[in-house]
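For reference, the structure is listed below as structure tokens.
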Amino acid sequence: MAASMASQAVARGLRAATSKHLLLDKCKCTQLNPRRWLNLQEYQSKKLMQESGVAVQRFYVADTASEALEAAKRLNAKEIVLKAQILAGGRGKGVFDSGLKGGVHLTKDPAVVGELANKMLGFNLTTKQTPKDGVKVKTHRLKTHFQVMVAEALDISRETYFAILMDRACNGPVMVGSPQGGMDIEEVAAKSPELIFKEVIDIFEGVRDDQALRMAANLGFKGPLERQAADQIKRLYDLFLKVDATQVEVNPLGETPEGQVVCFDAKINFDDNAEFRQKAVFAMDDMTESDPTETEAAKWDLKYIGMDGNIACFVNGAGLAMATCDIIDLHGGKPANFLDLGGGVKERQVYEAFKLLTADPKVEAILVNIFGGIVNCAIIANGITKACRELELKVPLVVRLEGTNVHEAKRILSESGLPITAADDLDDAAKKAVAAIKK
Ligand code: GDP
Ligand code: MN
């Protein structure tokens with residue numbers, strides 16, 4: 001499953017990052033596993049691939065060791081591969097806190113499958129792409145949520161990398177491939193960029209035969225395999241369109257000694273804006289790996305990003321969030337989180353935002369930095385005073401409002417009688433927030 005970060009690295013400069021990712025980059029907030037677009041487990045992605053005629057191995061999913069063992073027997077294959085289902089790539093080289101090394105295991109003895117599954121299910125798997133404590137291979141969380149994939153292992157004679165990404169710079173989809181697959185594609189991009197091949201796809205025309213064949217040849221598929229790989233590429237593109245994907249990544253796209261081109265791994269991201277017409281796909285989302293605060297924030301149309309400092313930041317817009325992050329840093333503080341309000345704000349949202357911000361026990365001060373362009377500052381001010389009263393706010397609150405209707409907003413705050421520290425500008429606000437904690 002995929003190197004989501006890796007593909008993002010390949011696509012860096014190709015694909016415009018969302019505001020959230022810019023923010024994460026900026027704040028080096030790598031302990032997060034941000035949910036940007038719907039992300040499914042490998043087995044779910046492979047089901048969609050099967051439906052589009054993409055070649056994947058035969059597999060079952062299991063959430064107990066005995067089910068895994070049963071599945072291994074049913075597969076009746078000469079070799080079995082057991083794969084932990086988590087939403088992060090690099091599983092092959094990952095480590096479980098059970099001591100087991102590797103989130104992907106091959107065995108010729110189906111009897112061993114139960115033992116292996118026992119050391120995977122319910123344990124945390126740490127990979128290059130997970131937070132440092134890993135991600136739990138969950139069991140029984142939801143009836144529909146199965147946790148290990150038990151698949152027929154195939155011999156692999158060569159591993160390549162292939163992905164299709166939506167790329168803002170090209171105003172459409174782009175294929176990215178490399179004959180050096182299986183490994184960290186980020187490394188390939190850094191060390192041998194000449195081994196990364198790109199093809200811009202015309203959204204109206206789709207993938208042309210010559211493009212698919214050229215990509216297949218660039219990936220190193222020879223003879224009859226070239227045509228087979230080109231066919232897989234076209235099917236992957238059909239799937240990409242059909243499910244409103246923002247990314248379809250196959251690493252490795254491999255070949256077997258018997259002459260089959262097979263997608264050994266699968267990672268698909270979906271455009272959240274397409275949820276209304278991709279109900280079946282979005283229904284597969286079990287949310288088990290999403291940050292519950294992010295999920296709650298999304299309900300109110302707010303974007304939440306958790307960090308590890310102690311100043312809660314309430315901002316509007318990613319640019320302002322980044323600036324706030326920098327300036328807090330400059331004055332020796334650290335953000336605990338960010339809540340991005342966006343435009344078109346209602347009082348209720350402000351209230352819910354404060355509830356989320358203050359629910360984080362690390363928070364020792366709150367910094368509000370809102371620039372009212374579309375946003376009416378008076379609405380923010382009313383939301384703030386309401387939240388302060390009803391939530392009985394215990395931590396210092398520093399507010400910097402600027403823009404539309406700011407005078408009215410300042411009047412509301414000052415007449416509220418609440419212990420709110422007003423700030424003149426962002427610099428002043430950050431200084432005051434940091435100082436409030438040091439007291
Ligand atoms: P990832 O580490 O999370 O990207 O998981 P992958 O599904 O890509 O598996 C990691 C590696 O395990 C692959 O690059 C392959 O080398 C190996 N692997 C996975 N499935 C098979 C298989 O069926 N047969 C063989 N021989 N190797 C496999
Ligand atoms: Mn992989």
If Phe314 meets every condition in (1) assigned to a helix (DSSP H, G or I); (2) closer than 19 Å to Ala422 by Cα apart from one, which number is that one? (1)
Kindly check whether there is at least one residue in the range 187-195 that is free of Cβ contacts under 8 Å to residues at least 60 places away in the same chain, away from ligand 1 (no atom under 16 Å from the Cβ) and closer than 21 Å to Ile156 by Cα. yes
Search result, residues across the range 65-94 that are more than 15 Å from ligand 1 (Cβ to nearest atom), open to solvent by 10 Å² or more (accessible area, probe 1.4 Å) and in contact with a Phe, Trp or Tyr (Cβ under 9 Å, 6 or more places away or on another chain): Glu67, Glu70, Arg74
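Of all residues in the range 231-284, which are polar (S, T, N, Q) and under 17 Å from Leu219 (Cβ atoms)?
Pass one, the range 231-284, residues polar (S, T, N, Q): 232, 246-247, 251, 256, 260, 269, 273, 278.
Hits for the range 231-284 are Gln232, Asn251, Thr256, Gln260.
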Working only within the range 81-130, note down all residues that are assigned to a strand (DSSP E or B), under 21 Å from Lys267 (Cβ atoms) and either free of Cβ contacts under 8 Å to residues at least 60 places away in the same chain or of a type in the set (A, V, I, L, M) (or both). Val81, Leu82, Ala84, Val95, Phe96, Val104, His105, Leu106, Asn124, Leu125, Thr126
Take the residues in the range 327-337 that are over 13 Å from Asn369 (Cα atoms) and assigned to a helix (DSSP H, G or I), then tell me which one is most open to solvent (accessible area, probe 1.4 Å). Leu330
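The values are calculated or read from the model by the stated rules, or taken from the named source; none is laboratory data. These numbers were taken from a predicted model, which means no experiment stands behind them. No Cβ is skipped: glycine too gets one built from the backbone with ideal geometry, and neighbour counts run over all protein chains shown. Calculation scope for accessible area: heavy atoms of the full protein, side chains included, ligands and nucleic acids excluded. Shrake-Rupley method; radii C 1.70, N 1.55, O 1.52, S 1.80 Å.
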